[in-house]
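Novice: I have a structure I would like to understand better, so I am pasting it below and will then ask my questions one at a time.
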Amino acid sequence: MENPVDGMFRAFADVTRLRILHLLARREMSVCEIMATMKVPQSKISRHLGYLRASGLVVSRTQGQWRLYALAKPTTRFQARALHCLKDCFDEVAVLRQDMTRLKVVGPLCARRKKRLADAARNNKRKGRAPAKKSQPPPRIELG
């Protein structure tokens with residue numbers, strides 16, 4: 001079995017995972033909020049969240065259609081101190097500061113989107129309709 005300290009440092013060694021951890025040190029977040037804040041594709045965010053969950057640093061819960069992610073409760077004093085430092089000591093890192101600035105705008109947008117989708121699903125359920133499908137963009141025509 002891998003040493004938990006080694007796993008934690010491996011998780012901290014990637015800038016994307018470090019950015020995710022820094023965001024989650026503030027509050028619980030959905031993938032929508034994380035990807036919009038970091039301007040990173042959903043597949044990359046999901047892959048890194050999986051790694052962080054496997055390392056024991058992040059937990060998730062389901063709320064309706066949404067999966068919300070948060071920092072796990074520290075299991076050792078070392079882990080608690082490292083996560084505390086992540087929250088308070090890394091504010092001088094430019095990319096982490098930019099994420100915090102973007103989060104102030106993105107958070108409310110994603111919250112409104114979540115509410116709108118939840119309301120639509122609730123209304124469709126009351127009316128006995130199937131959930132609304134996402135509209136597909138028209139096919140691209142290549143001119144030769």
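Taken together, the values in this text are just the output of simple stated rules run on the coordinates, not laboratory data. Fair warning: this is a prediction, and the values are worked out from it, not measured in the lab. Positions of Cβ are backbone-derived with ideal geometry, glycine not excepted, and every protein chain shown enters the neighbour counts.
Novice: I need the trypsin sites (Lys or Arg not before Pro) found in region 25-78, filtered to DSSP loop residues with at most 15 other beta carbons within 10 Å of theirs.
Specialist: R26, R27, K39
Novice: Can I ask one more? Note the full-extension length gain between N3 and R126 as 0.36 nm times their separation in residues minus their Cα-Cα distance, in nm to one decimal.
Specialist: Here the segment from N3 to R126 would lengthen by 39.2 nm.
Novice: If you project the alpha carbons of region 4-127 onto the principal axes, what extent comes out on each, in Å, largest first?
Specialist: Over region 4-127, Cα extents along the principal axes are 53, 28, 23 Å.
Novice: Where in region 1-40 does the amide nitrogen come within less than 17 Å of the point 7 Å from the Cα of T76, taken along Cα to Cβ?
Specialist: Only 1-13 pass the distance filter.
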